[in-house]
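Take this structure, written in structure tokens, and hold onto it; I'll ask about it next.
The values are calculated or read from the model by the stated rules, or taken from the named source; none is laboratory data. Because the structure is a prediction, the values reported are computed rather than measured. Every residue, glycine as well, gets a Cβ built from its backbone with ideal geometry; the counts of neighbours run over all protein chains shown.
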Amino acid sequence: MARRPRASITVSRDRGVFMISVAAELAEMHPQTLRMYEARGLIEPQRSAKGTRLYSQDDVERLRRIQEMTTELGLNLAGVERVLRLEQELIHAQAELTAMRVRAEEIRQEMEHEIERVRRAQRAELVVYQRGGGLVPTKPQPPRRPDGGDGTGSGPNVPR
């Protein structure tokens with residue numbers, strides 16, 4: 001007798017596939033407990049077109065975690081709610097921090113490019129004067145007056 005090939009199906013972890021009785025059995029709790037957790041907002045199962053609760057693998061793991069917090073850590077449901085809310089806030093804060101770090105790096109790179117652009121522009125405007133080694137601007141300067149002044153009133157021979 002030949003064996004039939006076995007079908008393999010991969011389901012997303014967040015897709016609701018378990019009815020309440022199966023989810024309760026997987027989480028090792030009574031179905032009424034799942035209903036109570038849903039009423040308190042600790043879990044939000046998906047619903048079928050007919051309104052049947054459908055729990056995902058992620059939901060089952062969350063149920064197990066809630067049970068662990070209540071039985072092993074001694075938290076009441078208000079404590080569990082607070083822990084879960086703080087975890088969500090932490091995840092959100094970490095995402096914001098990551099986004100800020102990415103933006104800070106973008107700004108740092110923009111600043112480096114701008115600094116380099118200014119340096120190149122500054123080098124293009126100045127050349128070393130061969131005889132004395134001083135810097136001379138490459139852009140033409142307004143002519144100096146014979147008395148050494150520049151016409152702005154700041155020269156050496158300006159009457160006061």
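What is the one condition in (1) within 22 Å of Val80 (Cα to Cα); (2) in a loop (DSSP other than H, G, I, E, B) that Ala23 does not satisfy?
Only one criterion is unmet by Ala23, namely (2).
Whether any residue in the stretch 37-56 is surrounded by 14 or more Cβ atoms within 10 Å (Cβ to Cβ), over 28 Å from the mean Cα position of the chain (by Cα) and part of a helix (DSSP H, G or I) is what I want to check.
yes
Ok, one more. Could you tell me which of the residues Arg145, Arg108, Arg131 is charged (D, E, K, R), modelled with pLDDT of 95 or more and not assigned by TED's automatic domain parsing to the domain that holds Leu42?
None of the others qualify; the one that does is Arg108.
Residue by residue, here is whether (1) under 22 Å from Val17 (Cβ atoms); (2) in contact with a Ser or Thr (Cβ under 9 Å, 6 or more places away or on another chain) holds:
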residue: Gln46; (1), (2): yes, yes
residue: Gly51; (1), (2): yes, no
residue: Thr71; (1), (2): no, no
residue: Leu75; (1), (2): no, no
residue: Glu81; (1), (2): no, no
residue: Ala99; (1), (2): no, no
